[in-house]
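These notes are about the structure you will find just below.
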Amino acid sequence: MRLPILLGFQAALALFSVTEARNDADEFLERAIKLMEDTPLLDTHIDLPQIVRSLYRKPLDGLAKLNSTFPGHVDIPRMREGRLGGAFWTVWAPCYDVTGDDPGADFLNPTDHLRDALEMLDIIQNMISLHSNDLQYARSSDDVWAAFRAGKIASLIGMEGTHILGNSLGALRIFAQLGVRYLTLTHTCHSAFASSCGPGTPVPQAHEGNALSELGVELVRELNREGIMVDLAHTTIETMKQAIALSEAPVVWTHAGARALWDHPRNVPDEVLALIGDGPGQKDGVVQSIFFPTFIGPYPGSNVSHVADHIEYIAAKIGKNRVGIASDFDGMYLTVDGLEDATKYPNIVAELLSRGWTDDEIRGALGGNLMRIMDAVDAVSARLKKERLPSSAIWEKRTDLPSTKWGGGGQHNVYWPPDVKAAVEKMYIRHDEL
Ligand SMILES: *[C@@H]1O[C@H](CO)[C@@H](O)[C@H](O)[C@H]1NC(C)=O
Ligand SMILES: *[C@@H]1O[C@H](CO)[C@@H](O)[C@H](O)[C@H]1NC(C)=O
């Protein structure tokens, strides 16, 4: 008689603790949603524009469908259900290895990347204006708050990779005018500017020291001046270290994890985390933790807790005021359990709450930390615009400048006024004499 009674008692206890755990989980989720309703969750990497480009021959024709069920991880109803406060929409074009282009050792072979990047920006602008009840363009932290308070999803622009810049700082400055808020120094390929950690496996070295080129050094200075965040996701450790040392403004990783937890080249190693902070020789910055299982842990088997492990690991190294959230939705072919699409954002917030994060720490991780960095980057930009002119640097391997190939029509096949023609011809003579 005694045994069954004891078992019954234990069963009752077990039932009690299951119910209690469920109540706790509900409570964390409720608290998460409440926090997300008072502070915007800013996701720094969503590849939705590329999905539109992948599905439609005339991409603008696909935009009307974003307010209903849309393929992939993200559409407006799901972002609303997931209480997303703001997103950085990604301007990107596939690297050379994917498109089959060969940039050549000097990165001079023409590609369609710059056109494609401009078309991505056009898609983003049209998406925002077509869905102006749900989306509102934002660049600054003030813009983010204005959008959030108006009940809209703040829509910012991030640019991923420098292979899409046509090797040109002039192109970068025009992208700055168009509102690009961060630039990832590489995607999975090297560029004329910087060295990439590759698509998961290293790629043959392109620049001395496997870091920035001379033009890449100018690029970082120019990003600081333009107020575009320097994003070190996808880069080599050497690129990270050189850019951190050079940058006059804080740096960011818009979608990455901790290498000590999962040894993948896309994750930030401890030796680099050690350079982030407010101590001597350190620079301020944030690491926005990614959901992509390949960078998180074993697959299958990784879930929202593993993503939180990365956030907590990075927070332990550089502070809870230097972490954030970046899904990589629509840019990955796998998802972790519990973060399958844009409806699931509250799960990661609830997970951090269950680990004892305070409301204020959560507000930081949602977007407060990143917005502090955005403000600091804007302050550096305002100062530098007073201190120096835009960089006149060009990619040193270019052979098209000065631009003397006018061709067609005019007297002697040129349109130059006579004194210009004389000067150009003198230049040619100098060339010939070399
Ligand atoms: C979705 O957006 C399109 C384009 O703005 C609009 O015509 C349509 O009425 C919207 N549908 C819903 C359900 O809001
Ligand atoms: C995630 O998986 C681990 C086992 O790897 C488990 O202990 C944990 O409870 C899971 N987290 C959630 C939120 O389900």
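One table, with the values for the structure above:
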item: Test: residue in the range 372-393 that is farther than 28 Å from residue 170 by Cβ and touching a residue at least 12 places away in the same chain (Cβ under 8 Å); result: yes
item: Where a residue in the range 197-225 is more than 15 Å from residue 266 (Cα to Cα) and touching a residue at least 60 places away in the same chain (Cβ under 8 Å) and its partner, wherever it lies, is assigned to a loop (DSSP other than H, G, I, E, B) and of a type in the set (Asp, Glu), with Cβ under 9 Å and at least six apart; result: 214/396; 215/396; 221/248; 224/248; 225/248
item: Among (1) over 30 Å from residue 363 (Cβ atoms); (2) in contact with a strand residue (DSSP E or B) (Cβ under 7 Å, 6 or more places away or on another chain); (3) aromatic (Phe, Trp, Tyr) - the single one residue 88 does not satisfy; result: (1)
item: Scope the range 322-370; condition surrounded by 24 or more Cβ atoms within 10 Å (Cβ to Cβ) and of a type in the set (Phe, Trp, Tyr); matching residues; result: 329, 345
item: Residues of the range 39-58 that turn out to be away from ligand 1 (no atom under 16 Å from the Cβ) and surrounded by 15 or more Cβ atoms within 10 Å (Cβ to Cβ), as a count; result: 13
item: Residue 68 more than 16 Å from ligand 1 (Cβ to nearest atom), within 30 Å of residue 122 (Cβ to Cβ) and modelled with pLDDT of 95 or more; result: no
item: Residue count, the range 297-310 (criterion: more than 10 Å from ligand 2 (Cβ to nearest atom) and farther than 22 Å from residue 251 by Cα); result: 2
item: Neighbours by Cβ (under 9 Å, 6+ apart or cross-chain): first from the range 27-40, farther than 11 Å from residue 82 by Cα; second in a helix (DSSP H, G or I) and among the hydroxyl-bearing types (Ser, Thr, Tyr); result: 28/354
item: The listed residue being assigned by TED's automatic domain parsing to the domain that holds residue 141 and more than 15 Å from residue 183 (Cβ to Cβ), out of 250, 204; result: 204
item: Members of the range 17-50 that are farther than 30 Å from residue 94 by Cβ and of a type in the set (S, T, N, Q); result: 17, 19, 23, 39
item: Conditions (1) more than 16 Å from ligand 2 (Cβ to nearest atom); (2) farther than 30 Å from residue 225 by Cβ; (3) touching a residue at least 60 places away in the same chain (Cβ under 8 Å); number of the one not met by residue 345; result: (1)
item: Members of the range 194-236 that are in contact with a strand residue (DSSP E or B) (Cβ under 9 Å, 6 or more places away or on another chain) and in a helix (DSSP H, G or I); result: 219, 220, 223, 224, 226
item: Lone qualifier among 385, 397 - being loosely packed, with under 15 Cβ neighbours inside 10 Å and closer than 30 Å to residue 108 by Cβ; result: 397
item: Residue satisfying all of: in the range 59-96; of a type in the set (Val, Ile, Thr) and surrounded by 20 or more Cβ atoms within 10 Å (Cβ to Cβ); farthest from residue 199 (Cα to Cα) among these; result: 76
item: Number of the condition not met by residue 290 [criteria: (1) more than 15 Å from the chain's Cα centre (by Cα); (2) away from ligand 2 (no atom under 16 Å from the Cβ)]; result: (1)
item: Residues (under 22 Å from residue 112 (Cβ atoms) and among the acidic types (Asp, Glu)) located in the range 38-93; result: 47, 61
item: In the range 328-348, the residues that are part of a loop (DSSP other than H, G, I, E, B) and among the β-branched types (Val, Ile, Thr); result: 335, 336
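The values are calculated or read from the model by the stated rules, or taken from the named source; none is laboratory data. Here the structure is a predicted model, which is why all the values come from computation and not from measurement. Backbone-built Cβ (ideal geometry, glycine too); neighbour counts: all protein chains shown.
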